[in-house]
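Every read-out reported here was derived from the displayed coordinates using simple, explicitly stated rules and does not represent laboratory data. Bear in mind the structure is a predicted one, so any value in this text is a computation, not a measurement. Cβ placement follows ideal geometry from the backbone for every residue including glycine, while neighbour counts extend to all protein chains displayed.
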Amino acid sequence: MKVGYFVPCYVDALAPQAAISTYRLLQRFDVDVHFIEQAACCGLPLYDMGYQKKACAMEKNVAELFAQYDYVVIPSGICTDQFRTLFETEALTEETKRVRNSIYDVVEFLHDVLKVDKLPWAHFPHKVALHNGCHSLRYLRHARSTELMEPNFSKTEDLLKLVDGLEVAYAERRDECCGFGGTFSVWDKSCAGQMGLDKVSDYQRNGLQYVTSADFSCLLHQQCIANKHGVDIKTYYISEILNGDV
């Protein structure tokens, strides 16, 4: 199995530890992992602002780059969703469809493809709040959205429960957006900031000190809000915990 490992631009710049933990985690399994050095931004910020043509101009090069791998794994739910569902300006040839269908975020890849059922190296004896970001929850289907009447499931929780000593917990309003929302947190920062404060205050009110997610963008937003308002929480990208790096 030849796996391409794509690190999104914001993770590369702001969370190298998340990228490194994910890479090392993938190497623990029987897969041939290749770091994709030539990759660039997925185009989501431009797409969010309505510049679809500019955002999608990079699709052709990225499609050709991804085509050489059986799977492409991305440590970011929002970027995975961008490639998989909005990667549509290029003609939908059989090859393009194959590339789109080969893109997974780290949780999907571990849970659905590798079907990981043990992580003997991981130990984190704490109660951890799990935040399923909006894209990961409602587009990648990491877990059941609470507004849907269907059987309960959670891929992220299944993986975290494999970590020795870890207890999964949630905020009271577990599916509520934390306010990051891509460029939304820039052009409507007051609203985004209040949403973030509501989320971290929920953790604090329920005695939750550690927070994890498959979307580092959400963790970045929440940690910054917590630091600004003196809320004592510590955020870790999910791979940091699954690989035993914390």
Surrounding charge for Phe6, neighbours by C-beta under 11 angstrom, Lys/Arg +1, Asp/Glu -1, total -3
For the chain, modelled as a Gaussian network with Cα springs under 10 Å, which listed residue fluctuates most, Gly193, Gly207, Gly181? Gly207
Could you tell me what percent of the DSSP beta bridges with both partners in the chain are antiparallel, to the nearest 5? 5 percent
Full extension between His123 and Arg141 adds, at 0.36 nm per residue less the Cα distance, a length in nm of 3.9 nm
Cα radius of gyration and Dmax for the stretch 191-246 (Å): 11.1, 35
Which longest uninterrupted range of the chain lacks any trypsin sites (Lys or Arg not before Pro) assigned by DSSP to a loop state (not H, G, I, E or B) and surrounded by at most 10 other Cβ atoms within 10 Å? 119-246
Once you list every other residue whose beta carbon is under 12 Å from the beta carbon of Glu157, what net charge do they have if Lys and Arg are +1 and Asp and Glu are -1? +2
Relative contact order (%) - criterion: Cα under 8 Å, at least six apart; region: the chain: 20 percent
Exposed chymotrypsin sites (Phe, Trp or Tyr not before Pro) absent: longest stretch of the chain, with sites in DSSP loops and at most 14 other Cβ within 10 Å deemed exposed: 154-246
Translational diffusion coefficient (Stokes-Einstein; Kirkwood radius from C-alpha pairs) of the stretch 127-242 at 25 °C, 0.890 mPa s, in µm²/s: 172 µm²/s
Connecting C-alpha atoms closer than 10 Å in a GNM of the chain, tell me which of His123, His142, His131 has the biggest fluctuation. His123
Regarding the chain, what are the three Cα extents along the principal axes, ordered largest first, in Å? 51, 44, 38
Between Asn152 and Lys189, the two model label points (7 Å from Cα along the beta-carbon direction) sit apart by a distance in nm of 4.0 nm
